[in-house]
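Okay, structure first, notes after.
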Amino acid sequence: MNGWDRFIAQWQKDLKLWLFFMAFFLLFRFAFVVCFRHQIDASGAYRDIAAALLNGLRFDSVVTTYLLAIPFLFSIISGFAGTMGLADKIRKIFGTVGVVLSTMVCVATFSYFKEFGDQFDHFIFGLIYDDLRATLTTIWKEYHVIPNAIGMAAIAFTAVNIMRRLIRKPFLP
């Protein structure tokens, strides 16, 4: 396999991972809208939902591109050297870390929005500047830490397995 073919094969896997993350975040936003639909104003709801989803996709595309910058760099390197195995390993690592962190943020967003009516705002700094022990005690007692952790683990485990199967092979040989 020549260098160009190695690069194209690795680039296709990067593209698949990028599309996976875009779908992951879109699914989160859709679930978020469905769960909190009672807070949406009925007039113009479809237009507002479409605008929120589109704006979210624009934000997610930037975050996903940053997440895949290093794996893409290794895809470029694999075009010049026979490092396809290393590129695959780096892609899996970044994909797994991205899924785990994204799952944690998404689940935390649901709880935060339920409590404060906003995704993240200045109240988040209360975690830093308030009494940390009191804050952690409140979180433990009020926010169902164990069920949320089990849910996050299940979502992350499922998403990582789907992601790994998806990026195993390029679109086209």
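The values are calculated or read from the model by the stated rules, or taken from the named source; none is laboratory data. The structure displayed is predicted, hence computed values, not measured ones. Please note: Cβ atoms are built from the backbone with ideal geometry, for glycine as well, and neighbour counts cover all protein chains shown. Side chains are part of the model used for accessible areas, which takes the heavy atoms of the whole protein and leaves out ligands, DNA and RNA. Shrake-Rupley method; radii C 1.70, N 1.55, O 1.52, S 1.80 Å.
Residues that are out of contact with any helix residue (DSSP H, G or I) (no Cβ under 7 Å at 6 or more places or on another chain), open to solvent by 50 Å² or more (accessible area, probe 1.4 Å) and at pLDDT below 80 within region 101-123 comprise Lys114, Glu115, Asp118, His122, listed in sequence order. If only residues of region 140-152 that are in a helix (DSSP H, G or I) and open to solvent by 60 Å² or more (accessible area, probe 1.4 Å) are counted, the one that is nearest to Val100 (Cα to Cα) is Ile150.
Tallying residues that are open to solvent by less than 60 Å² (accessible area, probe 1.4 Å) and either among the small types (Gly, Ala, Ser) or assigned to a helix (DSSP H, G or I) (or both) within region 154-173 yields 6.
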